[in-house]
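**Q** Let me give you the structure first, and then I'll get to my questions.
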Amino acid sequence: MLTRKQKHILLKFFSMFSVVRGYNILIVVLAQYLASIYILAHDKTLREVVLDINLLMLVLASAATIAGGYIINNFYDSEKDLINRPQKSMLDKLVSQNTKLSFYFVLNFLAVIMASAVSFKAVLFFSVYIFAIWFYSHKLKKTPIIGNITSAILTITPFFAIFMYYKNFEHVIFVHAAFLFLIVSMRELVKDLENIKGDLALNYKTIPIVYGEKASKIMLTILSVLTLVPAYLLINTYPVGKMVYFFYLSAVLLVVFLVLLFKSNTKTQYLILHNILKFIIVSGVFSILLIDVNLLLNKLVIL
């Protein structure tokens, strides 16, 4: 049996895990390693990639920066979350704002220290990334369109750290990045529709509030169609192996998304749309394994 003090500590741990979205960070870490093994450093052995200390430092620096970003975002959105996510907000409040801010500075400091183990360019990269996240949370988040674009860019930025490290400029990488950017952009806009009540109450100038729900749905339709372009290229132009099945599934899910989109007008319905896009993103991470099964087998033999 746990004592009252132990239960309190455990609850605070889960509260902090909720604030930093630990599950999202784990997915990003996994995605960075899979992208390194199968896409960015496909010419290296599994041992070279997995045991690369510099790569580990970049991944950990990314994780620390993202965690810090979630903390500062939670800090600025605390009032809005009380309206949009009351249950999560109550859990998050188990950790004081001062403690959260202390963690924020510690995580960012650790990110810079870990980046310094790689290179001065890495330090500059993460310093700019940290500032950009703060500036987005403090200013840009309340700005329609610019805020959405910035959020989508910040979401995929950790992959650019790995991309710059390996200096792999193959066209297929940019097409993958375009697909991810468009899906993330759609998710950000759906989140705005989902959180319209809290945004309206606190005078956030999001796309649905400034331009209306109908205009937001038209934008989502355009983004969905644009997303099919990189999906088509990855299916028909580039050798992505059995990952083509993921892009076929994504195309089907996007059609389902559009059908549901124009019938949606409640928070619950928008949450379903959000989860469809989240499923595409998460399944996309694991589907990287399907790019070339023989590649993994060969690397395991070498290992």
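**Q** Given the alpha-carbon gyration tensor of the stretch 14-60, what are the semi-axes of its equivalent ellipsoid in whole angstrom, ordered largest first, with each equal to the square root of 5 times an eigenvalue? Kindly include the intermediate steps, with their values, before the conclusion.
**A** Working: eigenvalues 133, 23, 8 Å².
Ellipsoid half-lengths, sorted descending, are 26, 11, 6 Å.
**Q** Further question: So what's the back-of-envelope 222 nm ellipticity for the chain, counting only DSSP H runs of four-plus at -39500 (n - 2.57) apiece and dividing by all residues, rounded to 500? All intermediate terms of the calculation are to be shown ahead of the outcome.
**A** Numbers: 16 runs with 241 residues, N = 303.
Result for the chain, helices only: -26000 deg cm²/dmol.
**Q** Counting only residues 5 or more places away or on other chains, whose amide H sits under 5 Å from the amide H of Val95 once H atoms are built in the peptide plane?
**A** none
**Q** For the stretch 212-220, take each phi angle, set θ = phi - 60°, evaluate the Karplus expression 6.51 cos²θ - 1.76 cosθ + 1.60, and give the result in whole Hz per residue in order, putting x for glycine and proline.
**A** x, 5, 4, 5, 5, 5, 5, 4, 5
**Q** Report the extension gain between Ile9 and His171 in nm, rounded to one decimal, defined as 0.36 nm multiplied by the number of residues separating them, less their alpha carbon distance. Let's see the in-between values first.
**A** Working: separation 162, 0.36 × 162 = 58.32 nm, distance 4.85 nm.
That works out to 53.5 nm of additional length.
**Q** Kirkwood Rh over Cα pairs of the chain into Stokes-Einstein at 37 °C, 0.692 mPa s: D in µm²/s?
**A** It diffuses with D of about 159 µm²/s by this estimate.
**Q** For the stretch 126-138, take each phi angle, set θ = phi - 60°, evaluate the Karplus expression 6.51 cos²θ - 1.76 cosθ + 1.60, and give the result in whole Hz per residue in order, putting x for glycine and proline.
**A** Result, rounded to whole Hz: 6, 5, 5, 4, 4, 5, 4, 5, 4, 5, 5, 5, 7.
**Q** Give the cross-link partners of Lys267 among the lysines, using a straight C-alpha distance below 19 Å as the criterion and excluding same-chain residues fewer than 8 apart.
**A** Lys80, Lys88, Lys191, Lys197, Lys205, Lys214, Lys217, Lys278
**Q** So what is the diffusion coefficient of the stretch 80-121 in µm² per second by Stokes-Einstein at 4 °C and 1.567 mPa s, using a Kirkwood Rh over Cα pairs? Write out the running numbers ahead of the final one.
**A** Details: Rh = 12.4 Å.
Answer, rounded: 105 µm²/s.
**Q** Ordered by residue, what ³J(HN,Hα) values in Hz, to whole numbers, does the stretch 232-245 give under the Karplus form 6.51 cos²θ - 1.76 cosθ + 1.60, where θ = phi - 60° and Gly and Pro are x?
**A** Karplus-based 3J(HN,Hα) across the stretch 232-245 equals 4, 5, 5, 7, 9, 10, 10, x, 10, x, 6, 5, 4, 5 Hz.
**Q** Convex hull volume of the Cα atoms in the stretch 115-198, per residue, in Å³?
**A** Values: hull volume 7.9 nm³, N = 84.
Roughly 94 Å³ of hull volume per residue.
**Q** In a GNM of the chain with a 10 Å cut-off on Cα contacts, which of Val59, Val229, Val244 has the highest mean-square fluctuation?
**A** Its mean-square fluctuation being the largest, the pick is Val229.
**Q** Please list the radius of gyration and Dmax for the stretch 1-114, considering alpha-carbon atoms only, with Å as the unit.
**A** For the stretch 1-114, the Cα-based Rg and Dmax read 17.1, 53 Å.
**Q** State the Cα centre-to-centre distance between the stretch 25-39 and the stretch 87-115 in whole Å.
**A** Spelled out, the Cα-based centre of one part sits 24 Å from the other.
**Q** Report, please, the projected area of the stretch 184-247 averaged over directions, based on the convex hull of its C-alpha atoms, in nm².
**A** Seen from a random direction, the Cα hull of the stretch 184-247 projects 4.9 nm² on average.
**Q** Can you tell which of Phe135, Phe257, Phe75 shows the greatest fluctuation in a Gaussian network model of the chain with Cα springs below 10 Å?
**A** Residue with maximal mean-square fluctuation among Phe135, Phe257, Phe75: Phe135.
**Q** With unit charges on the beta carbons (Lys and Arg positive, Asp and Glu negative) and the dipole taken about the Cα centre of the stretch 21-302, which residue among Met186, Phe163, Ser127 sits farthest to the positive side?
**A** Checked the options; the winner is Met186.
**Q** Could you tally the net charge around Glu79, taking each other residue with its Cβ under 15 Å from the Cβ of Glu79, Lys/Arg +1 and Asp/Glu -1?
**A** Computed value for this residue: +4.
**Q** Based on the Kirkwood radius over alpha-carbon pairs, what is the Stokes-Einstein translational diffusion coefficient of the stretch 161-287 at 37 °C with 0.692 mPa s viscosity, in µm²/s?
**A** Approximately 211 µm²/s, per Stokes-Einstein.
Readers should treat all values here as calculations from the given coordinates under stated rules, not as data from a laboratory. What you see is a predicted model; the values in this text were computed from it and never measured. Cβ coordinates were reconstructed from backbone atoms using ideal geometry, including for glycine residues, and neighbour counts include every protein chain displayed.
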